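Only one structure is covered here, and it is reproduced in the block below.
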Amino acid sequence: MHYMIIRPFDPWKNTSLCTCPFKYTLNPYTGCSHSCLYCYASSYVRDFFNPRKKDRLLEHIVKDIRRVPRNSIINISSSSDPYIHLEKELMLTRKVIEMLIGSYTIEIVTKSDLVTRDIDLLTRGKSVVSITITTLNEELAEKLEPKAPSPLKRVKAVTELSAKGVPVVVRLDPIIPFVTDNDKNIVEIVDAVADAGAKHIVSSTYKVKWDNFNRMVSRFPNLSKNFRELYFGFGEKIHGAYYAPKDYREKVLSKVREKVKGRGLTFSVCREGLPHLNDKNVSCDGTSLVIGNRGSDR
């Protein structure tokens, strides 16, 4: 039986929370080495922090791609980072891009500056790179994302990609209550990435699942009571995840939006149920930077 590597991107099965345009997604690797405290994928992928390559990946892609219409958006990746440490040696993500670029719109989502290695491929066709930055504080980043490249390396990657004409989206995501939701953190990130050449910012708040919650409170034990009250006392459960209260989310994301708009960038939120905060005529994932706004088919 053939295992599908390229699949339609549908994170929560036809809900209004996801406002992305229709696209496909593929993950060159299973699991991730960044070990982020807040990771949601670890709740449904076995042995997530022990990443491994997918068997016969390229062979499967050759078969799958026949079913994908040309010029479709293909996301790399939604459940793992395509530029984990294994990629330096295996170069699977690079091989995948080489197979697809020119025929499809490539959307890269990563926390790694290794993506700059592939600028030569990304400039051959329609591509957009999303780089996640949650804080510029190196000490805090080491707590939240202990094995990911430093945030300063990521900002430098924004600069390098932008200088070569690759549109860059920055994901200020997730914003973590009591940890990264302060004005100083938000302003520093927006200013740094705007100066570096980013075109669009996507933001969202931390969504609690039990495994990431346990990691979070073990690293920030002094905030355990605050997290419990905010999420389990006043928040709401949506599709298996605990959300902070809607008024909190709207307040903090409106603050991000105001700063982003002040710097002349476009803005959207991700899976928040707050579509009025999204800029019009811009896709929330930033792919409209290279293909125009196809809107949401959800």
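The values are calculated or read from the model by the stated rules, or taken from the named source; none is laboratory data. Keep in mind that what you see is a predicted model, and the values were worked out from it rather than measured. Here the Cβ positions follow ideal geometry from the backbone for every residue, glycine too, while neighbour counts run over all protein chains shown.
Filtering segment 230-246 to residues that are crowded, with 16+ Cβ neighbours inside 10 Å, in contact with a Leu (Cβ under 9 Å, 6 or more places away or on another chain) and part of a helix (DSSP H, G or I) leaves nothing. If only residues of segment 247-258 that are closer than 12 Å to Thr205 by Cβ and surrounded by 15 or more Cβ atoms within 10 Å (Cβ to Cβ) are counted, the one that is farthest from the chain's Cα centre (by Cα) is Tyr248.
In the set (1) in a helix (DSSP H, G or I); (2) more than 15 Å from the chain's Cα centre (by Cα); (3) more than 22 Å from Arg70 (Cα to Cα), Val115 fails one condition alone, (2). Among the residues of segment 163-206, what is the count of those that are over 12 Å from Val256 (Cα atoms) and touching a Pro at 6+ places or on another chain (Cβ under 7 Å)? Counting residues in segment 163-206 that are over 12 Å from Val256 (Cα atoms) and touching a Pro at 6+ places or on another chain (Cβ under 7 Å) gives 2. Look at segment 107-121: where a residue is in contact (Cβ under 8 Å) with a residue 40 or more places away in the chain and a partner is hydrophobic (A, V, I, L, M, F, W, C) and assigned to a helix (DSSP H, G or I), sitting 6+ places away or on another chain with Cβ atoms under 7 Å, you get Asp113/Ala157; Val115/Ala157; Thr116/Ala157; Thr116/Leu161; Ile119/Leu161.
When residues in segment 12-45 are screened for being among the basic types (Lys, Arg) and surrounded by 21 or more Cβ atoms within 10 Å (Cβ to Cβ), 1 of them pass.
Quick one: Tyr206 ticks every box in (1) surrounded by fewer than 16 Cβ atoms within 10 Å (Cβ to Cβ); (2) under 16 Å from Pro177 (Cβ atoms); (3) touching a helix residue (DSSP H, G or I) at 6+ places or on another chain (Cβ under 9 Å) except a single one, so which number is it? With respect to (1) surrounded by fewer than 16 Cβ atoms within 10 Å (Cβ to Cβ); (2) under 16 Å from Pro177 (Cβ atoms); (3) touching a helix residue (DSSP H, G or I) at 6+ places or on another chain (Cβ under 9 Å), Tyr206 is out only on (1). The single condition from (1) in contact (Cβ under 8 Å) with a residue 60 or more places away in the chain; (2) assigned to a helix (DSSP H, G or I); (3) aliphatic (A, V, I, L, M) that Ala198 fails is (2).
No other residue among Asn71, Asn137 is of a type outside the set (Phe, Trp, Tyr) and either more than 27 Å from Tyr40 (Cβ to Cβ) or in contact with a Phe, Trp or Tyr (Cβ under 7 Å, 6 or more places away or on another chain) (or both) apart from Asn71.
Residues in segment 272-290 that are touching a Lys or Arg at 6+ places or on another chain (Cβ under 8 Å) and under 19 Å from Ile238 (Cα atoms): Glu272, Gly273, Leu274. Among residues of segment 255-267 that are without any contact (Cβ under 8 Å) to a residue 60 or more places away in the chain, those with a Cβ under 7 angstrom from a residue that is of a type outside the set (Gly, Ala, Ser) and surrounded by fewer than 19 Cβ atoms within 10 Å (Cβ to Cβ), sequence gap 6+ or separate chain, pair up as Arg257/Leu277.
Inclusion of Arg215 among residues that are in a strand (DSSP E or B) and among the basic types (Lys, Arg) is not warranted. Touching a Ser or Thr at 6+ places or on another chain (Cβ under 8 Å) and at pLDDT 95 or above: is that true of Lys209 in this structure? Against the criterion (touching a Ser or Thr at 6+ places or on another chain (Cβ under 8 Å) and at pLDDT 95 or above), Lys209 qualifies. For segment 109-140, the candidate set comprises residues that are surrounded by fewer than 22 Cβ atoms within 10 Å (Cβ to Cβ) and aliphatic (A, V, I, L, M); within that set, the residue that is nearest to Val168 (Cα to Cα) is Ile119. Taken over segment 80-106, the criterion of being crowded, with 19+ Cβ neighbours inside 10 Å and either among the small types (Gly, Ala, Ser) or in a strand (DSSP E or B) (or both) is satisfied by Ser80, Ile101, Tyr104, Thr105, Ile106. Is it the case that some residue within segment 269-289 is in contact with a helix residue (DSSP H, G or I) (Cβ under 8 Å, 6 or more places away or on another chain), touching a residue at least 12 places away in the same chain (Cβ under 8 Å), within 21 Å of Val109 (Cα to Cα) and not in a loop (DSSP other than H, G, I, E, B)? Within segment 269-289, one or more residues are in contact with a helix residue (DSSP H, G or I) (Cβ under 8 Å, 6 or more places away or on another chain), touching a residue at least 12 places away in the same chain (Cβ under 8 Å), within 21 Å of Val109 (Cα to Cα) and not in a loop (DSSP other than H, G, I, E, B).
For segment 141-178, taking the residues that are in a helix (DSSP H, G or I) and of a type in the set (Gly, Ala, Ser), the one that is surrounded by the fewest Cβ atoms within 10 Å (Cβ to Cβ) is identified as Ala163. Of all the criteria given as (1) more than 19 Å from Ser130 (Cα to Cα); (2) aromatic (Phe, Trp, Tyr); (3) surrounded by 22 or more Cβ atoms within 10 Å (Cβ to Cβ), the one not satisfied by Phe48 is (3).
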